[in-house]
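The values are calculated or read from the model by the stated rules, or taken from the named source; none is laboratory data. Model, not experiment: these values are computed from the prediction. A quick note on method: Cβ atoms are made from the backbone with ideal geometry, for glycine too, and the neighbour counts reach across all protein chains shown. Heavy atoms of the whole protein, side chains included, go into the accessibility calculation; ligands, DNA and RNA do not. Shrake-Rupley method; radii C 1.70, N 1.55, O 1.52, S 1.80 Å.
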Amino acid sequence: MEKISIEARNGFCPQAVFMYGTNKKDGSPNFGTFTWFSYCWDLKMGVMASIGGGKETHDRIKKEKIFSANLVTEPLLPLADYLGNHPGRSSNKMEAPMAIARGAVLDVPVLADSPWVYELEVKKTIPLMGNTVFLCKIRNTLVDQRLMDESIPVEERVKLAAPVVWLATDNGPYFPVEPKVLGNAGDWKDLHS
């Protein structure tokens, strides 16, 4: 395999798609679509979310210090793409049909149809050049109970969840997560024996 050097980019590094839920100034819900989401560890698992400035979602998270991160599924993808391509400050963005509930622990909007939702509290804000990284405590996780049923094989639970990933290549395509088990952690620990 011959390699070449390129500018910094995240192509071919799949990223889970999330819709972040915040409260607008008037208390109404606002959702934006994001992929710069990962996990961190500080005595227990937390979340890192990076968002560009100038967005309604960014400004509301910075002010309120709470939000929800709703996993985007194949059925939710049209809504996520719509919300991700319309500014949060537009007056009719949130008129798109969606089932909205409230968090169980935090006063944040959540998507009723997302099977995995984090209720997040910002613990530290790191300003960058044009972006912000929010380090968050997971205050609660709302999960479709079927995803926790260990009597169902994990690949079947992945099919139930139907998460979507995005690649920052070409036109930025979305992909399904195809649940094909390649092995388990530790299967190759004795590779050289």
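A Cβ distance below 8 Å, combined with a sequence gap of six or more or placement on separate chains, defines the contacts here; from region 84-104, residues that are under 21 Å from residue 59 (Cβ atoms) reach residues that are crowded, with 16+ Cβ neighbours inside 10 Å and at pLDDT below 85 in the pairs 86/93; 87/93.
Taking strands (runs of 3 or more DSSP E) that fall entirely within region 79-181, which contain at least 2 residues that are closer than 22 Å to residue 39 by Cβ?
Working: elements: 100-102, 109-111, 116-127, 131-143, 164-166, 174-176.
Passing ranges, in order: 109-111, 116-127, 131-143, 164-166, 174-176.
Within region 30-45, being closer than 16 Å to residue 119 by Cα, surrounded by fewer than 18 Cβ atoms within 10 Å (Cβ to Cβ) and touching a strand residue (DSSP E or B) at 6+ places or on another chain (Cβ under 7 Å) holds for 38, 39, 40, 45. Of the listed requirements (1) outside any strand (DSSP E or B); (2) among the hydroxyl-bearing types (Ser, Thr, Tyr); (3) touching a helix residue (DSSP H, G or I) at 6+ places or on another chain (Cβ under 9 Å), residue 57 misses just one: (3).
The residue of region 1-47 that is farthest from the chain's Cα centre (by Cα), among those that are hydroxyl-bearing (Ser, Thr, Tyr) and more than 22 Å from residue 137 (Cα to Cα), is 5.
For region 132-149, enumerate the residues that are among the hydrophobic types (A, V, I, L, M, F, W, C) and surrounded by 14 or more Cβ atoms within 10 Å (Cβ to Cβ).
Residues of region 132-149 that are among the hydrophobic types (A, V, I, L, M, F, W, C), as a first pass: 133-136, 138, 142-143, 147-148.
Listed by number, the residues that qualify are 133, 134, 135, 136, 138, 142, 143, 147.
Each residue in region 107-122 was checked for being under 17 Å from the mean Cα position of the chain (by Cα) and either open to solvent by less than 40 Å² (accessible area, probe 1.4 Å) or in contact (Cβ under 8 Å) with a residue 60 or more places away in the chain (or both), and 11 of them qualify.
Residues that are touching a residue at least 24 places away in the same chain (Cβ under 8 Å), open to solvent by 40 Å² or more (accessible area, probe 1.4 Å) and over 11 Å from residue 22 (Cβ atoms) within region 54-76 comprise 74, 75, listed in sequence order. The single condition from (1) modelled with pLDDT under 95; (2) among the small types (Gly, Ala, Ser); (3) open to solvent by less than 10 Å² (accessible area, probe 1.4 Å) that residue 90 fails is (3).
When region 1-23 is limited to residues that are assigned to a loop (DSSP other than H, G, I, E, B) and touching a residue at least 60 places away in the same chain (Cβ under 8 Å), the one that is surrounded by the most Cβ atoms within 10 Å (Cβ to Cβ) turns out to be 17.
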